[in-house]
Amino acid sequence: WHPKAKSALPSIFTNVLWINQETLLVTDNNGDIIEYAIRFDDKAKTIKDVKQNKSFGCKGILSFCGSATSLWTISIHRNISCFSIETSQKILSLDTLQIRIHCLIENSIDSHVIAIGGNDKRLCLWNTSEANHHTITLKPFMNKIQSGVLALSWHPQKDNLIAFGTREGRIAILDTNRTTNVPIILESFTSHEIYSLAWAKFNENGSEVILLLACSGGKLVH
């Protein structure tokens, strides 16, 4: 949004998620989920946003991830819920997690696999096809993490590669298929929190290169 439009927004956003090219979900400071329909006008070089009346009926959302059909959320109450994008109805709610979760992200290739990061200095994988109301089976990875995991990003083309960022500024790439479970630690550019990670395609000299973008409080690097 243009800076002049700030007064029209409910509050500072803490999460954003594209459901498709015209649907954007955001959470505000209260943890409420708000949906916007976004229209791009190429000729006028403008963006029009229309707030939708859809409500997912959840409060205190810290983070979310999803696809065209489902939305996974985590809340300040340490529970995980799944909602239908089409109907906004809750499909599943699990209240058995004992840690404070900071982020979760759905695998870009296998939607049944979700990565979870939190305060307990580990990255966990969860296969949602095995979920039930009594047990959540998580596969943990703890080597060389050393602090809370604040950001996660799956590789767009390889379902076994995931990047993570920590509270102390550590950035690494983990191959979930390797038996050693030791991630590749990348060169550090900060000693502060890594707020966000994302993979991006970049054309260089006629060939496609995939970059990893990392954001801290004052820097964006690749």
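For the chain, a simple Cβ point-charge model (Lys and Arg +1, Asp and Glu -1, everything else neutral) yields a dipole of about 460 debye relative to the Cα centre.
Could you give the length gained by full extension between LEU92 and ASP159, i.e. 0.36 nm per residue of separation minus their alpha carbon distance, to one decimal place?
21.7 nm
When the chain is treated as a GNM with alpha-carbon contacts under 10 Å, the residue of THR14, THR27, THR179 showing the greatest mean-square fluctuation is THR179. A cut-off of 5 Å between modelled amide H atoms, ignoring neighbours fewer than 5 places along the same chain, links SER75 with LEU62. Candidate cross-link partners of LYS139 among the aspartates and glutamates, defined by an alpha-carbon separation under 14 Å and a same-chain spacing of 8 or more, comprise ASP120, GLU130, ASP175.
A dipole drawn for the chain from +1 and -1 charges on Cβ atoms has a positive end, and of ASN127, MET142, ILE34 the residue lying farthest that way is ILE34. What the range 13-99 shows is 57 Å² of accessible area per residue, with the surface traced by a 1.4 Å probe over protein heavy atoms. Using a probe radius of 1.4 angstrom, the carbon and sulfur fraction of the accessible surface of the chain is 49%. Look at the alpha carbon pairs under 8 Å that are at least 6 residues apart: their mean separation over the length of the range 88-222 gives a relative contact order of 16 percent.
The local environment of ILE85, defined by Cβ-Cβ distances under 14 Å, has a net charge of -2 under the rule Lys, Arg +1 and Asp, Glu -1. Between the entries [x] 77, 31, 27; [y] 64, 42, 24; [z] 52, 51, 30, the label attached to Cα extents along the principal axes in Å calculated for this structure is [z]. Each residue of the range 82-95 was assigned a 3J(HN,Hα) from its phi angle through the Karplus expression (A = 6.51, B = -1.76, C = 1.60, θ = phi - 60°), giving 10, 10, 7, 5, 5, 9, 6, 7, 6, 9, 8, 9, 10, 10 Hz with x at Gly and Pro. Using the Kirkwood radius over Cα pairs, work out the Stokes-Einstein diffusion coefficient for the range 139-211 at 25 °C and 0.890 mPa s, in µm²/s as a whole number. D = 187 µm²/s.
The values are calculated or read from the model by the stated rules, or taken from the named source; none is laboratory data. Owing to the predicted nature of the structure, the values given are computational and were not obtained by experimental measurement. All Cβ positions, even for glycine, are placed from backbone atoms using ideal geometry, and neighbour counts span all protein chains on display. Just so you know, the surface numbers come from the protein's heavy atoms only, side chains and all, with ligands and any DNA or RNA stripped out. Shrake-Rupley method; radii C 1.70, N 1.55, O 1.52, S 1.80 Å.
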